[in-house]
Protein chains: 2
Amino acid sequence: MTLRTEAFKDRKALITGGLGFIGSNLATRLVEAGTHVTLIDSLIPEYGGNLFNIAHLEGKVRVNISDVRDAHAMKYLVQGQDYLFNLAGQTSHMDSMANPFTDLEINCTSQLSILEACRQYNPGVKLVFASTRQLYGKPDYLPVDEKHILRPVDVNGVNKMAGEGYHILYNNVYGIRACALRLTNTYGPRMRVKDARQTFLGIWIKLLLEDKPFEVWGGEQKRDYTYVDDAVEAMLLAAENPKADGRIFNLGGDDVYSLEETAKAMIDANGKGEFTVKSFPADRKRIDIGDYFADYFEIKSLLKWEPTTSLRDGFQKTLDYYRQNLQQYL
Amino acid sequence: MTLRTEAFKDRKALITGGLGFIGSNLATRLVEAGTHVTLIDSLIPEYGGNLFNIAHLEGKVRVNISDVRDAHAMKYLVQGQDYLFNLAGQTSHMDSMANPFTDLEINCTSQLSILEACRQYNPGVKLVFASTRQLYGKPDYLPVDEKHILRPVDVNGVNKMAGEGYHILYNNVYGIRACALRLTNTYGPRMRVKDARQTFLGIWIKLLLEDKPFEVWGGEQKRDYTYVDDAVEAMLLAAENPKADGRIFNLGGDDVYSLEETAKAMIDANGKGEFTVKSFPADRKRIDIGDYFADYFEIKSLLKWEPTTSLRDGFQKTLDYYRQNLQQYL
């Protein structure tokens, strides 16, 4: 990874979902690189936005509280930007099933309106879209590469699939440079930990730091993980490299862990703690995808991205962060 | 193909897009089988609905002029139905690019609201969704099977992909039986011929019968075709067979023709006529998918479907129909 940070110095970047987990880490990195950063976030309480995530960036970023469904605000905000990191989204499985139309508005309609705003007001912008491995559903083979068919298991997955599709389409048809990264189990400082809405690792960490046992559902399912700094690096590489235009890339981790091994690694990193293994709840069983881990050869070969933080190191950094700041995330 | 027509006798079927090309042919077949048929159509002039398509069914079907975007009407209309053939859609490439949000409303939002209506008011219904080979985009390999990744080349394709996804999802999560057929170049009586909005074969036929030369764009691209009676048969087989639930099937043709060979076959069937080969217009070039033909092994092995009408016979039947009825389609 040899990021040309000059690609970001004195440039302008807009981050939707900028007060969220990944958005705020990305903002931190961009500010270090000398980028003029604008953050958009709706601060909907159930989502990942948290003003504390950017407290350390006070005065160094511009914050615009608005919803990506506000097409008029988006038309204004995309103008003059060099980069648009499009991270806003409804990410909860449960919410997408309970309120499928809200999920559709955020993950389909708003994505299309962001792209239309770019086409009309800023066709020179470069977009990086945060997609998800959830589009694949239950894998036919492992590791899963980008040729694997998409078979989403919830409304959220279907809508994210469309959102990703629009980005690639606008790249191919209108030449509005865009690419998508399919993230997998990203974790690290600033993730939501008060519940399992963003990732199960969040609630594990909270309970661990509160000296309470956490629950592992199933336990045998294999997963790979990406530490947030690695995910941010992938986004920057994708933003600055024209080879990424029109492409979709898996992110992934170097090692594969069962959920039970993951739990043990976290307790190891913490030095103490306990968990219980529970069988899958019935309503989750129907959408259980079994094992998943990614083949990330494409982004490795094309953009020279590789994960650099081991699960143990990543867990330690994350635990350190929440030992200091847990109260801000409850 | 051994269709158990008793599966349809005295049963109730709803067809969205029922005054369109395939919908009206399907309605004709269902009425013959003794089904109580309700047709929904918006009669938007640019789409395929045409009252003449069902003139021969006067008094034998119930017609409800409404738009699938009318969620309240749909809630009422799905009730009590045994089958829902979900054929309504915006199908124009050009319109989907010019008015992407209209396409989204019809092909995404309305599909979700139809499925929500079924979930709430008629979870026992069986749905057959008319999908399209356009989801595949430019093929990576030929013939294209259902494992091929989806890479739609227009907004219409992205939205249809989501619409299809919702159907499979509601089958898997809620047990609302649904399947999807990816149609490919369906042609025959009752298709739109006044322009190329539905299929290029339509405008060819109109010009041929008006003794005018028609245009072939490119000419070398290979395609397969499905005669409408074969497509209708596939829908009925999919509706009555529980093996289809949750599945996606390609339709296809037994033979593959270049566009130029297709044009010659049509002129052959007509006994006279001429065409000119034109290079691809620039705005189409960007979304040109090259050759496409389908592997339809899945539906053949599972549902025993096979195309039975050759291109020559199909063209002859179609030309006969429009020789009689062209005025009704101008």
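Quick note: the coordinates plus some simple rules give every number you see, no bench work behind them. This structure is a prediction, so every number in the text was calculated from the model and none was measured. Because the Cβ atoms are built from the backbone with ideal geometry, glycine has one as well, and the counts that use them run over all protein chains shown.
Sorted largest first, the spans of the alpha carbon positions of chain A along the three principal axes are 53, 43, 39 Å.
Computed over chain A, the per-residue total of -39500 (n - 2.57) for DSSP H runs of n ≥ 4 gives a 222 nm mean residue ellipticity of -11000 deg cm²/dmol, rounded to 500.
Separation of segment A:220-297 from segment B:115-178 is 28 Å, based on Cα centroids.
Calculated from the alpha-carbon coordinates, segment B:87-178 shows an Rg and a Dmax of 13.9, 42 Å respectively. The amide H of B:Phe249, built 1.01 Å from its N in the peptide plane, has B:Ala180, B:Leu181, B:Arg182 as neighbours under 5 Å, considering only residues 5 or more places off or on other chains. Working note: Karplus 6.51/-1.76/1.60 with θ = phi - 60° gives segment A:246-258 the couplings x, 9, 10, 10, 6, 9, x, x, 6, 10, 10, 10, 6 Hz, where Gly and Pro are set to x. If you run the Gaussian network model on chain A, springs between alpha carbon atoms under 10 Å, then out of A:Asp103, A:Asp288, A:Asp67 the most flexible one is A:Asp288. Taking Cβ atoms as reference points and 10 Å as the exclusive limit, the residues near A:Ser96 contribute a net charge of -2, counting Lys and Arg as +1 and Asp and Glu as -1.
With each label modelled as a point 7 angstrom along the Cα→C-beta vector, the A:Glu220-A:Tyr121 pair spans 5.3 nm. If R0 is taken as 22 Å, the Cβ-Cβ distance between A:Leu142 and A:Glu260 corresponds to a FRET efficiency of 0.75. Per Stokes-Einstein, at 37 °C and 0.692 mPa s, what whole-number D in µm² s⁻¹ belongs to the protein assembly as shown, with the Kirkwood radius over Cα pairs as the hydrodynamic radius? The diffusion coefficient I find is 125 µm²/s.
Between A:Leu51 and A:Met94, residue separation times 0.36 nm minus the direct Cα-Cα distance comes to 13.0 nm. Please report the antiparallel percentage of DSSP beta bridges with both residues in the protein assembly as shown, rounded to the nearest 5. Bridges in the protein assembly as shown that DSSP calls antiparallel: roughly 5 percent. Summary for A:Lys285: label point 7 Å along Cα→Cβ; distances to the equivalent points in the other copies, ascending, 5.8 nm.
Rg and Dmax of segment A:1-40, both derived from C-alpha coordinates alone, stand at 9.9, 28 Å. Scanning residues 5 or more positions from A:Trp217 or on other chains, those with amide H under 5 Å from its amide H are A:Lys278, with H placed 1.01 Å from N in the peptide plane.
Only sites in a loop by DSSP and with at most 16 other Cβ atoms within 10 Å count here; which GluC sites (Glu not before Pro) in segment B:1-96 make the cut?
Here the sparse-neighbourhood loop sites are B:Glu46, B:Glu58.
Straight-distance candidates among the lysines for linking to B:Lys285, with alpha-carbon spacing under 24 Å and chain neighbours fewer than 8 residues away dropped: A:Lys126, A:Lys243, B:Lys138, B:Lys160, B:Lys194, B:Lys222, B:Lys264.
Can you tell me the equivalent ellipsoid semi-axes for segment B:219-330? Use √(5λ) from the Cα gyration tensor, largest first, whole Å.
So the equivalent ellipsoid measures 28, 20, 13 Å along its semi-axes.
Couplings 3J(HN,Hα) for segment A:265-271, derived from phi with the Karplus relation 6.51 cos²θ - 1.76 cosθ + 1.60 (θ = phi - 60°), are 5, 5, 5, 4, 5, 7, x Hz, where x marks Gly and Pro. Oblate is the label for segment B:241-290, because the ratio a/c of its alpha-carbon gyration tensor axes (a ≥ b ≥ c) is 1.5 or higher and a/b is not greater than b/c.
Compute the Rg to Rh ratio over segment B:40-102 from the alpha carbon atoms, using the Kirkwood formula for Rh, and round to two decimal places. Radius of gyration relative to Kirkwood radius: 1.00.
Stretching B:Lys9 away from B:Glu306 to a fully extended chain increases their span by 104.6 nm, per 0.36 nm per residue minus the current alpha-carbon distance.
Averaging the Cα positions of each part gives two centres, and for segment B:40-95 and segment A:1-69 these lie 47 Å apart. By the beta-carbon count within 10 Å of each Cβ, the least crowded to most crowded order of A:Leu330, B:Leu319, fewest first, is A:Leu330, B:Leu319. For chain B, with a Gaussian network of springs between Cα atoms less than 10 Å apart, report the residue from B:Arg223, B:Arg190, B:Arg119 with the top mean-square fluctuation. For chain B, modelled as a Gaussian network with Cα springs under 10 Å, the answer is B:Arg119.
Residues whose amide H lies under 5 Å from that of B:Leu84, counting only those 5 or more places away or on a different chain, are B:Leu14, B:Lys126, B:Leu127, B:Val128; hydrogens are built 1.01 Å from N in the peptide plane. Where chain B is carried onto chain A by rotation, the Cβ closest to that axis, with its residue and distance in Å, is B:Ala162, 2. When DSSP beta bridges are restricted to pairs lying wholly in chain A, around 5% turn out antiparallel.
The 3J(HN,Hα) values that the Karplus relation (6.51, -1.76, 1.60; θ = phi - 60°) gives for segment A:195-205 are, in residue order, 7, 9, 5, 9, 7, 5, 5, x, 5, 4, 5 Hz. Gly and Pro appear as x.
With a cap of 15 neighbouring Cβ atoms within 10 Å, and only residues DSSP puts in a loop, list the GluC sites (Glu not before Pro) found in segment A:143-212.
Taking segment A:143-212 and a limit of 15 other Cβ atoms within 10 Å, the loop GluC sites (Glu not before Pro) found are A:Glu210.
Mind checking the angle between helix A:228-240 and chain A's longest principal axis? C-alpha axes, 0 to 90 degrees, to the nearest 10. The answer is roughly 20 degrees.
If you average 1/r over all unlike Cα pairs in segment A:1-113 and invert the result, what Kirkwood radius do you get in angstrom? Averaging 1/r across every pair of different Cα atoms and inverting gives 14.5 Å.
Under a Gaussian network description of chain B, with springs only between Cα atoms under 10 Å, the residue in B:Phe293, B:Phe85, B:Phe214 that fluctuates furthest is B:Phe214. Going by neighbour counts of Cβ atoms within 10 Å, the residues B:Tyr76, B:Tyr136 line up, fewest first, as B:Tyr76, B:Tyr136.
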